[in-house]
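The values are calculated or read from the model by the stated rules, or taken from the named source; none is laboratory data. Keep in mind that this is a model prediction, so the values were computed, not measured. All Cβ positions, glycine included, derive from the backbone under ideal geometry; neighbour counts span all protein chains shown. The accessibility values were calculated without ligands, DNA or RNA, using every heavy atom of the protein model including side chains. Shrake-Rupley method; radii C 1.70, N 1.55, O 1.52, S 1.80 Å.
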Amino acid sequence: MLDADPFEVTSAGLIPEGEHLEFDPARIFNVTTGPNANATLQALVDSGHTLIWHRWQTRLARKALGVSIAIPRKGRPRTSDIERATHFGTTVRGNAGRGLKISRDTYATINKRSSMPRWSRDDSPEAWDRMNHYFDDDEHRILTDEWCEAHQADALANFDMNMAHFASLDPVEFEATLQLALDGHPDMVEVTDLTQWAGVPGVYIMVLDEYRQVYVGASSESAGIAKRIRQHWTNQKEFDRLIFGSVETSILSIDSFRALDTTRIFAMETTEYFDEEISVLAQFPSKFALNRFMGGNEAARFAGLVGVDAVMRTRDLPKPTEGINEDAVITQKENT
């Protein structure tokens, strides 16, 4: 297996888009085909490990490369058990048990592995030492149980505050704001078949009517609008990045919502996608937009120069009734 994306399973279309990310890259054992493949797999078995076919694999055999591989017991989840729907002309799947709509039950599932880019104490000794107590390991990759539990509580409190915020919004005002943005960009058209936007550069608006929210995004020619939208549907915001800023102001990430939460899509083909993204996003006050950053190509560079706070979009939420895990907030800013 190489990067948890085996060729024959991918070719058969058995890995739902984006779901190969469920694997922890740091623990993937790289077994390439060739004269040493049998010996490598056999060494795993000899050391006490059991090899078992993954649930996505349908062509099951008792052996592979001469090494015994167990077949999953009947009743274990198979690919056919994954929730599916046709949405905007494409097939969408409820990956990793998350379903096709956002749910509080699966929103803040604990993942102890840090999503921070790898760094070392040599990069910033003071910052490294200040964060030691957040981690179980010397490499700052595994977060402590205490931090994760406190962060989960804060993430769920923020989730509840955002849901209360959505419920307070006026749907008539939201629709009027959306139509004003569309009127100001006459090349923006409603999308009914997402496949027609594959490889098309431009700007898109994802509308989540149930929550009176939009997300404005941009895509280059290399990705295309269709792929970028599907990535939002299949991605899952990292557990340690669920809160962006503070518990009282953090906006839920578009990647925490699921495919069926998007009820309308508008798109505009253009090669000036970053400039147009800024223009479209400016039409929506933060109370109606899920964007966590200001738009445009310069946002990341600007953040590097003057700090994340300068490009962060937040919203005023009801004050939480319980205490906030300040350590989690500090770590969030380090993560971003």
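Could you calculate the contour length gain from Ala223 to Ala282, that is, 0.36 nm times the residue separation minus the distance between their Cα atoms, to one decimal place in nm? If you can, show how the numbers build up before the last one.
Numbers: separation 59, 0.36 × 59 = 21.24 nm, distance 2.38 nm.
Length difference between fully extended and current span is 18.9 nm.
Heavy atoms of the protein only, probe of 1.4 Å, neighbouring chains included. What is the accessible area of Glu277 in Å², nearest 10?
That residue has around 20 Å² of solvent-accessible surface.
Gain in length, Thr86 to Thr40, computed as 0.36 nm per residue apart minus the alpha-carbon separation, to one decimal in nm?
12.4 nm
Simple spin-label model, 7 Å along Cα-to-Cβ: Asp129 to Ala198 in nm?
Result: 5.5 nm between the two label points.
What list of ³J(HN,Hα) couplings, whole Hz, do you get for region 105-111 from phi and the Karplus terms 6.51, -1.76, 1.60, once you set θ to phi - 60° and write x for glycine and proline?
In residue order, the calculated couplings are 4, 10, 5, 10, 5, 5, 10 Hz.
Just order 98-109, 148-159 by mean Cβ neighbour count inside 10 Å, highest at the front, would you?
148-159, 98-109
How much net charge surrounds Ile110 when only the other residues with a Cβ under 11 Å from the Cβ of Ile110 are counted, with Lys and Arg +1 and Asp and Glu -1?
So the surrounding residues net to -1.
Quote the accessible area belonging to Glu173 in square angstrom, nearest 10, computed with a 1.4 Å probe and with ligands, DNA and RNA left uncounted.
Near enough 80 Å² of accessible area.
How would Met116, Met294 rank on accessible area, largest to smallest, probe 1.4 Å?
Numbers: Met116 15, Met294 75 Å².
Putting Met116, Met294 in descending order of accessible area: Met294, Met116.
Could you list which residues have their amide H under 5 Å from that of Phe135, counting only those 5 or more apart in sequence or on another chain, with H placed in the peptide plane?
Long-range HN contacts for Phe135: Thr144.
Around Gly217, under 9 Å between beta carbons, what's the net of Lys plus Arg minus Asp minus Glu among the other residues?
My count for the surroundings of Gly217 gives 0.
Treat each spin label as a single point 7 Å out from the Cα along the C-beta direction, and report the Glu269 to Thr109 distance in nm.
Once both label points are built, they end up 3.9 nm from each other.
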